Amino acid sequence: QVQFVESGGGLVQSGGSLRLSCAASGSTFSTYAMTWYRQAPGKERELVAVISSTGGSTNYTESVKGRFTISRNNSKNTVYLQMNSLKPEDTAVYYCNAVSNYHMYPRLVPFRSWGRGTQVAVSS
């Protein structure tokens with residue numbers, strides 16, 4: 001079973017930047033598309049970004065386009081989320097996960113197991 005460990009969150013001022021990392025276990029990392037989701041207090045978890053298994057294709061939710069960049073390093077079993085020009089509405093717990101149905105974007109189905117996430121807080 002694949003496990004995910006997110007890191008890199010913190011408290012930043014509006015307009016600041018953070019780089020999140022997600023380390024995944026298992027030898028099949030390079031065969032799956034990877035995603036970042038976030039969940040703000042009182043809200044449902046939402047998809048933020050997805051990257052194909054090779055890294056050649058990406059998609060973003062509208063609210064983060066032009067500000068966030070997803071990338072991956074398959075030799076390190078790691079996916080990243082570079083977040084620039086952060087806004088208070090980006091405040092949430094961020095999670096990574098794998099999906100096997102990228103071709104059905106945006107109706108992705110993440111794996112059942114979730115990591116603990118990493119908290120991002122943006123002050124105004």
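The values are calculated or read from the model by the stated rules, or taken from the named source; none is laboratory data. Please read these numbers as outputs of a predicted model, since none were measured by experiment. Virtual Cβ from ideal backbone geometry, glycine too; neighbours counted across all protein chains shown. Please note that ligands, DNA and RNA were not included when accessible areas were found on the heavy atoms of the full protein model with its side chains. Shrake-Rupley method; radii C 1.70, N 1.55, O 1.52, S 1.80 Å.
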Other-chain or far-sequence residues with amide H under 5 Å of Gly10's (modelled H): Val120, Ala121
Accessible surface of the chain, 1.4 Å probe, proportion on carbon and sulfur as whole %: 47
Residue of Met104, Met83, Met34 that the Gaussian network model of the chain assigns the largest fluctuation, springs spanning Cα pairs under 10 Å: Met104
Neighbour cut-off at most 11 other Cβ (10 Å), DSSP loop, trypsin sites (Lys or Arg not before Pro), the range 5-52: Lys43
In the range 1-105, GluC sites (Glu not before Pro) in a DSSP loop with at most 15 other beta-carbon atoms within 10 Å: Glu44
Percent of alpha-carbon pairs separated by more than 22 Å within the chain: 27
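Please check the chain for the longest run free of chymotrypsin sites (Phe, Trp or Tyr not before Pro) that are loop-located per DSSP (anything but H, G, I, E, B) and have at most 16 other Cβ atoms within 10 Å.
1-110
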Rg/Rg_ref, the range 59-124, where Rg_ref = 2.2 N^0.38 Å and atoms are Cα: 1.22
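Using DSSP to define loop residues, name the trypsin sites (Lys or Arg not before Pro) in the range 49-105 whose beta-carbon has at most 11 other beta-carbon atoms within 10 Å.
Answer in residue order: Lys65.
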